[in-house]
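The block underneath contains the structure these notes are about, expressed in structure tokens.
The values are calculated or read from the model by the stated rules, or taken from the named source; none is laboratory data. Since this is a predicted model, take the numbers as computed values, not measurements. To get the accessible areas, we keep the full protein, side chains included, count just its heavy atoms, and leave off ligands, DNA and RNA. Shrake-Rupley method; radii C 1.70, N 1.55, O 1.52, S 1.80 Å.
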Amino acid sequence: MAGGEVLRQNLPEKLEESPSGANELHVLAVDDSLVDRKVIERLLKISSCKVTVVESGTRALQYLGLDGDKKSSIGFDSVKVNLIMTDYSMPGMTGYDLLKKIKQESSVFREIPVVIMSSENILTRIDRCLEEGAEDFLLKPVKLSDVRRLKDFIMRGEVKEGEKRCCKRSRSEDCSPSSMTHPCDSSLLSSLSSSSVLSPLSPSTLSSKKSRL
Amino acid sequence: MDVGQMQRQWLDYTRSLFIEGFLDNQFLQLQQLQDENNPEFVVEVVSLFFDDSERLLKDLNFALDQQGVDFKKVDAHVHQLKGSSSSIGAQRVKNACIAFRNFCEEQNVEACLRCLQQVKQEYCLVKNKLETLFRLEQQIVAAGGSIPMMELGF
């Protein structure tokens, strides 16, 4: 259903060569709430993502090897993360602090999209996070539709990277899809119109996909 | 009671929980995340919520019992409880927490104590309801039936 999926069918071998490896997205989720960690992990797994969940910003930095401790750094080759989703309100290092730290890094780490999750719809907070470079701001509780939308957006970004490499190598192949828009624009636009930033309302009717009766 | 009757009972009971506001849409979201590979997901998350809530309610009791109440701490605990109740769809608990936070801002101890009672009450109610629901589910599964899927548009 996603544009990303269709494109990948055209360029399977090209994507395989990219550093992100297989088509599976690796998401690092950060939340101090045990309940929320369980839910976000399931949301991501059911959306076919590889998930690593940690309980604090400090742990997240340790996992990425960014905490300055040479001993804990595994080397970023084995810790390839395609997306970071972090709660805003956490004791010690907030999600905002974590966002800033990551955006201060050089090269690879700064490129990782960071999404902030918060139960509070505070415009100044949202603005601050977006200004600091957050990809999106999700209102909790996070829904399956939020995760799917995010995943599509990230996958399109990954495909575009693969595209660039493909186009550089062979002009004769048709590697420019008709529906490619700039990922950032469509994400911000879609986040403004959906539940992710301004409106916490969710669809009032949910129909089950399969009947178990 | 045969499986069909049990399933109808389950449906009626679940519907009543939504109509009476104990649960909201988020609970349905959780059910969507449950499948054959994770058949206990909802029970697991709700159990975590029960553990978490009981801890937080104890902490709130303690914090409000102090000579000089630290309202920042009280607010932080309520914020956590509000978050986790929201995450599982326990709407009335969440709403009680929202009211509670307003009184924390006002630094009104008496009002906060009343709110705490209210939150405890709502928590006990939803805990009983959910435990009843899970018992019904166990009975259905034990009788060889399957749990119906809920639709909110009733």
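Tabulated results
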quantity	calculated
Whole-Å semi-axes of the ellipsoid equivalent to chain B (Cα gyration tensor, √5λ, descending)	34, 14, 13
Solvent exposure, largest accessible area first (probe 1.4 Å, DNA, RNA and ligands not counted), of A:Met93, B:Met150	A:Met93, B:Met150
Heavy atoms of A:Glu132: accessible area, 1.4 Å probe, square angstrom to 10	60
With all protein chains modelled, accessible area of B:Asp12 [1.4 Å, Å²]	90
Exposure rank, largest accessible area first [B:Ser84, B:Ser16; 1.4 Å]	B:Ser16, B:Ser84
Minimum 40 Å² accessible area buried by the other protein chains, region A:120-156 residues, probe 1.4 Å, relative to alone	A:Glu120, A:Pro141, A:Leu144
Lysine-lysine proximity count for region A:26-156, Cα under 15 Å, sequence distance 8 or more or distinct chains	8
Volume per residue that the Cα convex hull of region A:26-156 spans, once the total is divided by residue count, Å³	105
Ranking by accessible area, most exposed first, for A:Met155, B:Met1 with a 1.4 Å probe	B:Met1, A:Met155
Distant-in-sequence amide H partners of A:Lys50 (H built 1.01 Å from N, under 5 Å)	A:Leu25, A:His26, A:Val27
Contact surface A-B: accessible area buried, both sides summed, square angstrom, 1.4 angstrom probe	2700
Computed accessible area, A:Val108, all protein chains, 1.4 angstrom probe, square angstrom	60
